[in-house]
1. Can you compute the charge dipole magnitude of chain A about its Cα centre, using +1 on each Lys and Arg Cβ and -1 on each Asp and Glu Cβ, nothing else charged? Give it in debye, rounded to the nearest 20.
2. Just tell me how shielded A:230-238 is by partners: mean number of partner chain Cβ atoms within 10 Å of each residue's Cβ, no decimals.
3. In debye, nearest 20: dipole of the stretch B:12-77 around its Cα centre with unit charges on the Cβ of K, R (+) and D, E (-)?
4. Dipole of chain A (Lys/Arg Cβ +1, Asp/Glu Cβ -1, origin at the Cα centre): which of A:L42, A:L285, A:T27 lies farthest to the positive side?
5. When chain A is treated as a GNM, springs tying every alpha-carbon pair under 10 Å, which of A:I148, A:I325, A:I302 comes out with the largest mean-square fluctuation?
6. With springs only between Cα atoms under 10 Å, which of A:D115, A:D95, A:D37 fluctuates most in a Gaussian network model of chain A?
7. Using only DSSP helix segments of four residues or longer, with each worth -39500 (n - 2.57), what per-residue ellipticity at 222 nm results for the protein assembly as shown after dividing by its residue count and rounding to 500?
8. Counting only other chains, and only Cβ atoms inside 10 Å, what mean value do you get across the residues of B:97-106?
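Since every read-out is calculated from the coordinates, none of them should be taken as a lab result. Please read these numbers as outputs of a predicted model, since none were measured by experiment. Heads up, the Cβs are rebuilt from the backbone with ideal geometry, glycines too, and the neighbour counts pull from every protein chain shown.
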Amino acid sequence: MAEAATLRDQMSACEERFSTLSRVMTTKADIAQTPKDLVWALNKAKLYRYQPVIDVRRRCRVPLLLVFAVMNRPSILDLRPGNSFVEFMVGRGYDVFLLDWGCPGIEDKLLKFDDYALEYLPRAIRRMKTISGSEEFSMLGWCIGAIITTIYAAMLPDEGLRNLLLLTAPLDFSNRAGLTFAKWVDEKYFDVDKVLAAFGNMPGEMIDYGARALKPVDNYVASYCKLWDNLDDPRVVEAWHAMNTWVTDNIPMAGATYRQLIVDLYRHNLLMKGEWVIGGRVVDLRKLRANLLTVIAQGDHITPPCQSEAILAKVGSVDKELYRIPGGHIGIMAGSNAHKTTWPHIDAWLGARSRSMPE
Amino acid sequence: MSEDAKASGKACDPFEPFREVRDAYLNTLSKAMIDAVNSEDYAEATGAMLDGYLTATKPFREALEKNMLQALAQLSLPSRQEVAALAERFTNIEMRLDDMDAKLDEIVKRLAEGRKAKPEAGSRSGEAGSPAPAGADQPKAATAAGQTRRRAPTPAAKPRR
């Protein structure tokens, strides 16, 4: 009799596990829930301002603009309540703005880094300044967003940028042996113009495949094994669900931007050579004078550390810091330890440089 | 479900006895695959596959596009390129509106500064109607963002007859 009851309980537990598995594999988690207001839009780009939760007297007066990559949703910065960088920073009293580049359509296939860095970003910043009432601001660029913010900081150094934070920034492409992507997109094997002639924009699915194929077993097998092993642990399941929702929400990359990334950066490393022409002018990194924090993920396989180290020697900033942290490309900001390591460091660095306003 | 059942949930996991073996195998396989995808051979193979796919599908894509264009023209419907060109023009208009918005903001700001400065100047000099500061009626040159480099509309943007 007791054996029958145990067997029944085991069957019930097994059924519950399969039900959980089915739910997380077939539904989308509620992500990006921190309250925000749309304050500006241009084409597909949108600027959001997060609603403050701190009394105005204790709030930081220098606003912070978050700029993520152009081929992923920025919701990774606000993944889920209790594990959201945005929520953390708003709670620490920052006036946080987020620039969402949106999903490019076929009409955007000619958009280049020039457009993102010198057309869209300055306009969003102008709106942010008007709303916040501050002429100075801080900016955080992550991944491709770090390329865009670096271009802006170097080409428009007198527009009020006080602090620049670069997270896992792919800026230096000189170490070709250390870059798997560089091998894949070598002109011997990869005809970028042929791809773009066929698709217009670089399809999100192909970009996603590229990112996952760098660690195929981890991304296609081990990740699901980890989920299976922890199906009884709601914390792991909900974290996996939220991350999977973000990872599978792919968007294409504007064709001309993708071409610049492959030809100008991966193949010719023009930014670091000081030969990259954006908006008709060379991007001169010596003109980047904002306080600079570069965060490197030591286990990053998408942007290996060697891609983010050289920038410090090239910029004109006096106040600059390189911060290394264990973890992967996304894990350092959205992983379970981010709130103990990366976020407090960013807060401490930024807080020391944002709390006081110049007279 | 009872606590006992929860605890025993793992017992019915068919993979439980093999977990350690599985993890060791995946670990080894992972390292081998990372080495494999990081090789020139893999880059060459994937490049060849992609190139082959694009070459093989090109005639079909072109034929489909040509037929679709003809069909849409017959039905007096705009093609994808024409809709895209229209969207580009909308973006250009949005940019011009954004520029004007910035200039208006600047004008309002200057006017407010002028109004604020007038009583202060009046109270200092005793002249109520002192002129506004030079350039107060001139909106400051738009910031870098205002210098729009607009793309010329693509040829497909021409209106069809």
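1. Dipole of chain A, to the nearest 20 debye: 860 debye.
2. 1
3. About 400 debye.
4. Farthest towards the positive end: A:L285.
5. The residue that fluctuates most here is A:I325.
6. Answer for the Gaussian network model of chain A: A:D37.
7. It comes out at -14500 deg cm²/dmol, rounded to the nearest 500.
8. 3
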